[in-house]
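Since the structure comes first, as structure tokens, the remarks are kept for the end.
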């Protein structure tokens, strides 16, 4: 993990051009979005002054409930499964008051490079006017505390900052998560340089 502040140079509000038609807030698995075990994740994005970021975009990439990615590079899925069971990918714009909301399945545990298992998580990329590069982070789930304690990536994050990566349960099958940019060392969401 590299500590660096979020960039503030403006490059223009171009990220929405050509991308809005591909927004997907209801992430399908198995070609379906009507599974009974769907979860809802909502939240908001704020800048360092606490102002909502209303013109950002969040992209999500995740495994399915069995911990398999819909991708041919996942050795646990055949190419047919990867094509049939896509997608695990979503794109959500931030709206009024920096809010976002998406539905998906809670991901299963995926293998870590050392053969252990990672905690259930979503890989998140955030794009916005003023960022020269997208920001990369992860979203974990508060009700997976045992798995979170074993996750090698969370283990790299200082204990005082891990909470910025953890979505809180706010009801059955419902989670809330806040992204904060350019804040003090404790309040800013942890972003990764990959």
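Just so you know, all these numbers are worked out from the coordinates, no wet-lab data involved. Note that the structure is a prediction, hence the values are computed from the model and not measured. Cβ: placed from backbone, ideal geometry, glycine included. Neighbour counts: every protein chain shown.
The residues 26, 96, when put in order of fewest to most other Cβ atoms within 10 Å, stand as 96, 26.
Counting every other Cβ atom within 10 Å of each residue's Cβ, 175, 140 order from fewest to most as 175, 140.
Sorted fewest first by neighbouring Cβ atoms within 10 angstrom, 135, 156 come out as 156, 135. Rg and Dmax of the range 37-180, based on Cα coordinates, read 15.4, 47 Å. Label positions at residue 169 and residue 143, each projected 7 Å from the Cα along the C-beta direction, are separated by 0.4 nm. Note on residue 132 and residue 97: their simple-model spin labels are 3.5 nm apart, each label 7 Å out from Cα toward Cβ. In plain terms, the chain from residue 65 to residue 37 could stretch by 9.2 nm, reckoned as 0.36 nm per residue minus the Cα-Cα distance.
Using r as the Cβ-Cβ distance of residue 159 and residue 49, and R0 as 35 Å, what FRET efficiency do you calculate, to the nearest 0.05? The pair residue 159/residue 49 has a calculated efficiency of 0.85.
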